[in-house]
1. Grab the beta carbon distance between Arg13 and Gln70, set R0 = 22 Å, and tell me the FRET efficiency rounded to 0.05.
2. Quick check on the chain: what does the Kirkwood estimate of hydrodynamic radius come out to from the alpha carbon pairs, in Å?
3. Based on the Cα gyration tensor of the stretch 1-60, what are the three equivalent ellipsoid semi-axes, each the root of five times an eigenvalue, rounded to whole Å and given largest first?
4. In the stretch 3-90, which GluC sites (Glu not before Pro) are in a loop and have at most 15 other Cβ atoms within 10 Å, using DSSP for the loop call?
5. From the residues Pro76, Gly101, Thr60, which one has its Cα farthest along the dipole of the chain in the positive direction, the dipole being from +1 and -1 charges on Cβ of Lys/Arg and Asp/Glu about the Cα centre?
6. Mind listing the long-range amide H neighbours of Ile21? Cut-off is under 5 Å, sequence gap 5 or more, other chains count too, H placed in the peptide plane at 1.01 Å from N.
7. Go ahead and collect, in residue order, the members of the stretch 14-55 whose backbone nitrogen is under 14 Å from a label point 7 Å along the Cα-Cβ direction of Arg99.
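Coordinate-derived values only; no laboratory data. From a predicted model like this one, the values you see are computed outputs, not experimental measurements. All Cβ positions, even for glycine, are placed from backbone atoms using ideal geometry, and neighbour counts span all protein chains on display.
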Amino acid sequence: PGAQPSDAPGLLRKLLQNVDILVFMKGTRAVPLCGFSERMCRVLDEEGVQFETVDAQDDTANPGLREALQNYAQWPTLPILIVHGVVVGGTDIVEVLQRRGELLSEFERARTSVSLLNEKENES
């Protein structure tokens, strides 16, 4: 049998652990299915960011993933940019960060906060 909705939280955890910069979107990077998803990918490409995408709307390939993602991110819409497990936000936020020249520093802040959390967990 294929993937089940109950597998979605585990799949999400695995993606977040193994991929530093993820865009959960409608469609794929090559074929985005909405303008917001296309704009998100374009901004990241313009900034030279290496990122992966996941079609969170494809309930056949990823059953239950969108719901698991919404529970994790507390973000109601797609696309969602997550960097080192930290929710950055949707397209509007990413575009504002790019305009301000703060997008890449936001990525560094996310990486640093995760590193500090990991160090603290290792100390205990």
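1. Numbers: r = 15 Å, r/R0 = 0.68.
Efficiency computed from Cβ-Cβ geometry: 0.90.
2. Working: mean 1/r = 0.0669 Å⁻¹.
Computed over Cα pairs of the chain, the Kirkwood hydrodynamic radius comes out at 15.0 Å.
3. Value: 23, 15, 7 Å, ordered largest first.
4. Glu47
5. Ranked along the dipole, the leading option is Pro76.
6. Amide H neighbours of Ile21, under 5 Å, 5+ apart: Glu52, His84.
7. Those under the cut-off are none; the list is empty.
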